[in-house]
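Let me begin by presenting the structure, written as structure tokens, before commenting on it.
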Amino acid sequence: MATRAARGKPAPKPVLILNGPNLNMLGKRQPEIYGRETLADVEAACRAEARRLGLAVECAQSNHEGALVDRIQAARDANSAIVINAGAYTHTSVALLDALNAAELPAIEVHLSNIYRREAFRHKSYISPAAVGVIAGLGSHGYILALQALARLLKR
Ligand code: DQA
């Protein structure tokens, strides 16, 4: 069968799965809140689900706000959509909100924990206005649900 490239169709751009500060500590970090899976486990589950959905994914994580802004800016050309868990920057970062708005891509905000059941400072998300949807409190399954939602959105 002719490959997509041979048929002159560009390969679909991958969905970016972007994790922010301290999410590299998953599995070790407060497992009673964030679970025992590592970030590598979560990313592997996302890759498997993406394959099932016929999507490509790219995974990235940084503890640095500027690096996250750089990656979101690059996504404007390199990616079709973004799944973002901005960690604590969710509650502080106008820069991430601006970057997501500038990217002009469908973005889904994910949180492992239910931020609305936790401290008041976690109830405010600066980035939600740039997201098509928000998933919180369902653990790592939230990333899978975000990919399923994006697969539907990108098909339209
Ligand atoms: C988090 C919730 C944030 O409040 C926290 O700072 C995190 C993780 C979550 O996935 O539940 O680092 O985004």
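Couple of notes before you dig in:
- Applying both filters, DSSP loop and at most 14 other Cβ atoms within 10 Å, to the trypsin sites (Lys or Arg not before Pro) of the range 14-77 gives 28, 29, 36.
- For residue 155, the lysines whose Cα comes closer than 24 Å to its Cα, not counting residues fewer than 8 places off in the same chain, are 9, 13.
- Neighbour counts of C-beta atoms inside 10 Å place 154, 18 in the sequence 154, 18, starting with the fewest.
- The fraction of all Cα pairs in the chain landing in successive 5 Å bins from 0 to the largest distance is 2, 9, 19, 23, 21, 14, 6, 3, 2, 1, 0, 0, given as whole percents.
- The chain: most fluctuating residue of 130, 75, 95 per GNM, C-alpha cutoff 10 Å: 95
- Relative contact order for the chain, counting Cα pairs under 8 Å that sit 6 or more residues apart, in percent: 25
- In the range 51-129, the GluC sites (Glu not before Pro) that fall in loop regions by DSSP, at most 10 other Cβ within 10 Å: 104, 119
- The chain: calculated mean residue ellipticity at 222 nm from DSSP helix runs of at least 4, using -39500 (n - 2.57): -11500 deg cm²/dmol
- Global geometry of the range 1-80, whether rounded, prolate or oblate, following the gyration tensor of its Cα atoms and the 1.5 cut on a/c: oblate
- Cα gyration tensor category, rounded, prolate or oblate, for the range 38-130 with a/c compared to 1.5: oblate
Any read-out appearing in this document is the output of simple, stated calculations on the displayed coordinates, not a laboratory observation. Keep in mind that this is a model prediction, so the values were computed, not measured. Glycine gets a Cβ as well: all are built from the backbone with ideal geometry, and neighbour counts include every protein chain shown.
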